[in-house]
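The values are calculated or read from the model by the stated rules, or taken from the named source; none is laboratory data. Remember, it's a predicted structure, so these values are computed and weren't measured experimentally. Cβ sites come from the backbone with ideal geometry, for glycine too, and all protein chains shown count toward neighbours.
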Amino acid sequence: MDETYLTKAIILDRQDWREYDSKLTLYSPAKGKIILVARGVKKLKSKLAGHLEPISLSQIMAIRGRQVDYIGSAVNIECFVGIKSDLDKINAAGDAIRIFNNIIKEGEADESIFNLLTEFLKILDKAGKNYQLLKYFFILKLMSQLGYKPELYNCLKCKKRVSPANNYFDLSKGGLICQECNNNDNKKEILAISSDGIKVLRLAVQSYLNKMTKLKIYNKLKNEVKNIISSFQEYQIY
Ligand SMILES: [Zn+2]
């Protein structure tokens, strides 16, 4: 007899697989990242296809197979229409999910990671205009939960609390370096960071994501924060 299991899951990616099938990458609260094959979803009459769109949350019944597990049934819970009807939001969600999918390995379940991803998509779905930094804050929170939390209070070298001005962010060590300790040896790995930049990163690590969309951040600071978070992520996790 086939063994089955039920789970909620966010659909991260859908790739063609054999003639009529698709291979889906999903993230579930109890099993983490899973890969399932959906049979016949490329046929016109497929009832499954509409419930398995990437960037949506569905209730899935999976069937264990000898080589791969299959999707027995799927019912859409949330399809995030607010994201799907806005090209900029689709791009933001697509970028975040691609990075998420690269970082997260199969078979490591963590319900708090599932909740963070769901929260990110719900906030982006309902967001007005102020969401340009949301995917970066999501990535920073994700990294923090995965053990890459940056040091944002004390200098990584001398361990003293940093003063407000003239600090640097060390991409390789993951945190702040004060002016006295920065010897300019590895310029590529060291980025200057303003005191407002430090404040925004501290808030992003500590606060709920929905609070971050209420912050008013001027353009120069936006660019600084984007650059530090994306460089940090690329440096630490490829
Ligand atoms: Zn120092």
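Being closer than 30 Å to Gln132 by Cα and either within 14 Å of the chain's Cα centre (by Cα) or not hydroxyl-bearing (Ser, Thr, Tyr) (or both) is a property that Leu48 lacks. Here is the figure for the range 184-199: residues that are in a helix (DSSP H, G or I) and either in contact with a helix residue (DSSP H, G or I) (Cβ under 8 Å, 6 or more places away or on another chain) or within 16 Å of the ligand (Cβ to nearest atom) (or both) total 5.
Considering only the range 126-137, I want to know if a residue exists there that is over 28 Å from Glu78 (Cβ atoms) and either part of a loop (DSSP other than H, G, I, E, B) or within 15 Å of the ligand (Cβ to nearest atom) (or both). Looking through the range 126-137, none of the residues is over 28 Å from Glu78 (Cβ atoms) and either part of a loop (DSSP other than H, G, I, E, B) or within 15 Å of the ligand (Cβ to nearest atom) (or both). Checked against the criteria, Lys222 does not count as on the phi < 0 side of the Ramachandran plot and not in a helix (DSSP H, G or I). Residues that are surrounded by fewer than 19 Cβ atoms within 10 Å (Cβ to Cβ) and either in contact (Cβ under 8 Å) with a residue 12 or more places away in the chain or not assigned by TED's automatic domain parsing to the domain that holds Gly197 (or both) within the range 157-177 comprise Lys157, Cys158, Lys160, Ser163, Pro164, Ala165, Asn166, Ser172, Lys173, Gly174, listed in sequence order.
Among the residues making up the range 208-219, a single one is part of a helix (DSSP H, G or I) and exposed (fewer than 11 other Cβ atoms within 10 Å of the Cβ): Asn219.
Would you confirm, using the coordinates I've provided, whether Leu146 is more than 16 Å from the ligand (Cβ to nearest atom), touching a strand residue (DSSP E or B) at 6+ places or on another chain (Cβ under 9 Å) and either not assigned by TED's automatic domain parsing to the domain that holds Lys187 or not basic (Lys, Arg) (or both)?
So Leu146 fails the test.
Return yes or no: is Glu108 away from the ligand (no atom under 16 Å from the Cβ) and surrounded by fewer than 21 Cβ atoms within 10 Å (Cβ to Cβ)? Criteria met by Glu108. Restricting attention to the range 162-183, the residues that are in contact with a strand residue (DSSP E or B) (Cβ under 9 Å, 6 or more places away or on another chain) and within 10 Å of the ligand (Cβ to nearest atom) add up to 9.
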